[in-house]
Structures are given as structure tokens and as C-alpha cells.
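Student: I have a structure I would like to understand better, so I am pasting it below and will then ask my questions one at a time.
The values are calculated or read from the model by the stated rules, or taken from the named source; none is laboratory data. These numbers were taken from a predicted model, which means no experiment stands behind them. Glycine gets a Cβ as well: all are built from the backbone with ideal geometry, and neighbour counts include every protein chain shown. Ligands, DNA and RNA are stripped out before the accessible areas are found, and what is left, the full protein with its side chains, is counted by its heavy atoms. Shrake-Rupley method; radii C 1.70, N 1.55, O 1.52, S 1.80 Å.
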Amino acid sequence: MTVAELDIIALPFLAGLLIVATHVPLGREVLRRGIIFIDLAVAQIAGLGVIVALWLGREAGDWLTQGFAVVCALLGATLIRGFERHWPDIQEALIGITFVMAATAGMLLLAGDPHGAEHLSGLLAGQLLWVNADQLQVAVVIYLPVLVLWYWLGPGRLRFYLLFAVTVTMSVQLAGVFLVFASLIVPAVAIRHLQGVAAIATGYVLGGIAYAAGLLCSLLFDWPAGPAIVWMLVLTGVFCSLGIRHVLNQR
């Protein structure tokens with residue numbers, strides 16, 4: 001493998017590290033609250049915002065498209081917050097229904113678009129390999145305040161949903177719905193028996209290794225980056241979980 005080939009995955013890997021940095025603590029909170037499918041629902045709603053912008057003739061990366069996505073994600077997060085307050089016993093079911101409605105709404109909007117299948121594929125599987133420096137700068141501007149607020153003030157109840165919506169909006173456009181879900185849930189499940197700094201540090205290492213391995217496999221075998229990283233996250237998560245259990249049993 002040449003230096004030029006490694007350069008191809010340098011920016012995607014940095015984007016992956018940014019995603020891991022925000023999604024590990026968010027994913028732990030999702031798992032703690034027992035609202036596993038919130039990420040799929042909010043990610044899909046953010047994707048619907050992008051689709052609406054495309055349907056109106058906007059470009060995929062412009063600021064108005066970002067605005068549509070953020071507004072849709074915030075509305076979705078507010079809706080799901082309402083589910084938690086008023087119907088906690090059927091919250092997961094309502095989140096699932098919301099996800100299906102957002103997904104099918106996107107399909108209906110793109111039904112007459114000759115590039116509709118391509119747009120849907122990009123939102124689901126992501127375009128991580130094509131991340132550029134401008135997108136990376138935008139991601140830093142969005143993710144850094146999220147991390148500062150998260151570790152400084154804590155998740156809170158309403159703050160969790162708002163920070164989650166803003167973060168997922170950016171992540172979906174970088175990595176796609178599938179990889180966003182995997183990046184949130186897989187590390188959280190793998191490190192669920194750890195606490196504090198040990199849990200976060202282990203989650204970060206797990207995510208970094210998985211993104212690196214997935215991108216390398218994508219480069220070597222010409223695989224789509226998103227699905228490759230999802231598989232590496234799961235495989236790395238399994239080994240990490242087994243290792244943690246072994247260490248804890250030895251104590």
C-alpha cells in the first residue's frame with residue numbers, strides 16, 4: 001500500500017475520529033435511557049431534511065440544506081422528547097413508527113427524481129470516502145461545542161435531545177444512517193460494564209480501530225466504506241466485550 005493510497009483515507013479517518021468522539025458518550029446515554037432506535041429515527045428525519053432541500057433544488061452540501069436538516073432533526077428530537085414525557089410505555093414503538101414515516105416520506109419525495117436511488121443510497125450507506133476538508137471543518141465547528149457542552153454541563157434531559165439532533169444531522173451527511181447507528185450503539189454495548197473514564201477511553205479506542213480497519217478494507221478490496229466500517233465496528237465490539245468480561249471476571 002502506497003503513501004498516495006493512504007492519503008485517500010486520511011480525511012475520512014479524521015472524520016471518523018470526530019464521529020467516534022461525539023457518538024461514544026451519546027451512545028452510552030441512549031443505551032442508559034433505553035431508547036435504542038432514537039438514533040435511527042433522528043438520523044432518518046435529518047436525512048429527510050436533506051431530501052426536502054434537494055427536492056426544492058438545493059445542492060447537497062450548501063448551508064440551506066444544512067439548515068433544513070438541522071430544523072428537521074430538532075423537530076424530530078422534540079417530538080421524541082414528547083414521546084418520553086407523555087407515552088413512556090410505548091415510546092420505542094412510537095420512535096419506530098416515526099422512523100418508518102420519515103424513511104418512506106423520503107422515498108415518496110424522490111420517486112420522480114432520476115437520481116433518487118443514488119441520493120437514498122448516499123443517505124443510508126454514506127459517502128465517507130469522499131469527505132473533503134471543507135466538510136471536515138464544518139464537522140469540527142459543530143462537534144466541538146457539542147463535546148464541550150456535554151462534558152461541561154452534562155447531558156440533561158432536554159439538552160440531550162438537542163445535542164443529539166445537532167450531532168446526528170452532521171453525522172448522517174458524513175457517514176450515512178447505518179454507520180451513525182452502528183457508531184452510537186456498538187461501542188455503547190461493548191463497554192456497558194465499564195464506568196467513567198475507562199468506559200469512554202475504551203469506546204474511543206474501539207471506534208478508532210474499527211474506522212481504521214474498515215477504511216483499509218474499503219481501500220484494499222474496493223468495498224463501500226460505510227458498510228465495511230459497520231462490520232468492523234461489530235467485530236471489534238464483540239472482541240472488546242469479551243475482553244472486558246474476561247478482565248472483570250479475573251478480579
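Student: Within segment 60-112, how many residues turn out to be surrounded by fewer than 16 Cβ atoms within 10 Å (Cβ to Cβ) and among the hydroxyl-bearing types (Ser, Thr, Tyr)?
Tutor: 2
Student: Give all pairs with beta carbons closer than 8 Å in which a residue from segment 1-30 that is over 17 Å from Leu194 (Cβ atoms) and open to solvent by 40 Å² or more (accessible area, probe 1.4 Å) meets a residue that is among the small types (Gly, Ala, Ser) and modelled with pLDDT under 95; count only pairs at least 6 apart in sequence or on separate chains.
Tutor: Once the first residue is over 17 Å from Leu194 (Cβ atoms) and open to solvent by 40 Å² or more (accessible area, probe 1.4 Å) and sits in segment 1-30, its partners that are among the small types (Gly, Ala, Ser) and modelled with pLDDT under 95 give Leu11/Ala133; Leu18/Ala139.
Student: All but one of (1) open to solvent by less than 80 Å² (accessible area, probe 1.4 Å); (2) in contact with a helix residue (DSSP H, G or I) (Cβ under 7 Å, 6 or more places away or on another chain) hold for Arg33; which doesn't?
Tutor: (2)
Student: Of everything in segment 92-119, what is within 20 Å of Val168 (Cα to Cα) and touching a residue at least 40 places away in the same chain (Cβ under 8 Å)? Give them in sequence order.
Tutor: Once the filter is applied, which keeps residues that are within 20 Å of Val168 (Cα to Cα) and touching a residue at least 40 places away in the same chain (Cβ under 8 Å), segment 92-119 yields Glu92, Ile95, Gly96, Thr98, Phe99, Ala102, Ala103, Ala105, Gly106, His119.
Student: Now a separate question. Can we say Leu48 is open to solvent by 80 Å² or more (accessible area, probe 1.4 Å), in contact (Cβ under 8 Å) with a residue 24 or more places away in the chain and under 28 Å from Leu136 (Cβ atoms)?
Tutor: Against the criterion (open to solvent by 80 Å² or more (accessible area, probe 1.4 Å), in contact (Cβ under 8 Å) with a residue 24 or more places away in the chain and under 28 Å from Leu136 (Cβ atoms)), Leu48 does not qualify.
Student: For segment 161-204, which residues satisfy the criterion of being open to solvent by 10 Å² or more (accessible area, probe 1.4 Å) and among the small types (Gly, Ala, Ser)?
Tutor: Gly196, Ala198, Ala201
Student: Starting from segment 63-75, take each residue that is in contact (Cβ under 8 Å) with a residue 12 or more places away in the chain and list its partners that are charged (D, E, K, R), counting only C-beta distances under 7 angstrom and pairs at least six apart or across chains.
Tutor: Within 7 Å, the pairs are Thr65/Arg58; Thr65/Glu59.
Residue-by-condition table, conditions (1) open to solvent by 40 Å² or more (accessible area, probe 1.4 Å); (2) under 29 Å from Ala102 (Cβ atoms); (3) in contact (Cβ under 8 Å) with a residue 24 or more places away in the chain:
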| position | (1), (2), (3) |
| --- | --- |
| Pro155 | no, yes, yes |
| Arg159 | yes, yes, no |
| Pro224 | yes, yes, yes |
| Leu233 | no, yes, yes |
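Student: Can you tell me which residues in segment 114-144 are more than 20 Å from the chain's Cα centre (by Cα) and either crowded, with 17+ Cβ neighbours inside 10 Å or in a helix (DSSP H, G or I) (or both)?
Tutor: The answer is Gly116, Ala117.
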